[in-house]
Amino acid sequence: MKQTLYLLLILFVVPSCQKGDSTDNPPALSSQKSISAVIFKATDNPSLSSDITASLSIDSVKAEFPQDVSLASLIPTISFTGASIAPANKTVQNFINPVSYTITAQDGSTRRFVFAMSNQPANTDSVSLLAQRWKYIKDSSTNIGNYYFLEGNSALSPIPGVYFGNSADYWEFRRDSSSTVHINNQTYQTDYILHPNNKLEVVGMMVHGMASVIKLTATEAIFDWNNTSPNGGVYFKRAYLRK
């Protein structure tokens with residue numbers, strides 16, 4: 001009888017000890033604290049015409065903004081690993097001077113990242129800005145009064161509407177005043193002259209004549225064509241290019 005009671009006591013005591021062991025050893029808290037991406041989204045920053053992705057190094061984050069963008073009020077979207085980040089993610093920050101962000105891991109350890117933002121340097125050489133390969137983002141065209149242009153011996157009327165470029169579309173300007181345009185599976189070889197009065201003269205394309213340079217920075221270009229044909233028709237086109 002005593003042996004039976006002793007065995008029953010063991011059966012009750014051993015499981016209870018094992019149960020207590022599981023609560024005595026909680027899982028270790030993570031020490032991970034890192035940044036995988038920082039993006040300044042145009043949807044959060046009205047002064048931006050497109051998203052700007054920062055470059056990351058060991059403990060620093062850097063990005064260049066167009067000359068006309070103020071660094072005093074920008075909202076970054078930060079993808080990070082850790083329990084928290086300070087200053088808070090997706091909040092307005094003044095980046096005129098470098099700003100330190102601190103990530104705290106689950107185990108309480110911290111890591112500091114310095115955000116150093118800057119504006120692109122001024123470049124008065126417009127040809128240097130233009131002479132590169134650009135992504136053809138889109139163009140919008142309007143044809144009023146049956147505008148036409150001559151292509152060889154044919155009179156052609158451009159089709160109005162909006163064209164959104166695909167990943168293969170580009171416009172490449174070269175320093176020898178030649179350029180190549182690839183749009184909608186069509187490739188055109190053109191010559192161009194960039195005049196000092198913000199005018200871009202392009203020959204050899206479906207649109208002939210002088211364009212106005214609305215914007216030209218290291219990352220964005222906008223051109224406007226506004227032509228009138230001999231019959232009084234008016235054609236307007238705006239093209240958007242980006243690096």
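Of the set (1) within 24 Å of residue 227 (Cα to Cα); (2) at pLDDT 90 or above, all apply to residue 145 but (2). Cβ-Cβ distances below 8 Å connect the following pairs, each with a first residue in segment 142-154 that is at positive phi and assigned to a loop (DSSP other than H, G, I, E, B), a second residue that is among the β-branched types (Val, Ile, Thr) and surrounded by 11 or more Cβ atoms within 10 Å (Cβ to Cβ), and a separation of six or more residues or different chains: 145/234.
In this entry, residue 173 is excluded by the filter for residues that are loosely packed, with under 14 Cβ neighbours inside 10 Å, in contact with a strand residue (DSSP E or B) (Cβ under 8 Å, 6 or more places away or on another chain) and of a type in the set (Phe, Trp, Tyr). Screening residue 68 with (1) out of contact with any strand residue (DSSP E or B) (no Cβ under 8 Å at 6 or more places or on another chain); (2) more than 20 Å from residue 217 (Cβ to Cβ) gives one miss only, at (2).
The test for being in the same structural domain as residue 42 (by TED's automatic domain parsing) and in contact (Cβ under 8 Å) with a residue 24 or more places away in the chain holds for residue 95.
Only a single item in (1) more than 13 Å from the chain's Cα centre (by Cα); (2) within 12 Å of residue 115 (Cβ to Cβ) is not met by residue 80, and it is number (2). When residue 136 is tested against (1) surrounded by 12 or more Cβ atoms within 10 Å (Cβ to Cβ); (2) outside the structural domain of residue 194 (by TED's automatic domain parsing); (3) assigned to a strand (DSSP E or B), exactly one condition is not met: (2).
Within segment 184-213, being modelled with pLDDT of 85 or more, surrounded by 14 or more Cβ atoms within 10 Å (Cβ to Cβ) and among the β-branched types (Val, Ile, Thr) holds for 190, 202, 213.
The values are calculated or read from the model by the stated rules, or taken from the named source; none is laboratory data. Only a predicted model underlies this, so the values are computations on that prediction, with no experimental measurement involved. Neighbour counts are summed over all protein chains in view; Cβ atoms, including those assigned to glycine, are modelled from backbone coordinates with ideal geometry.
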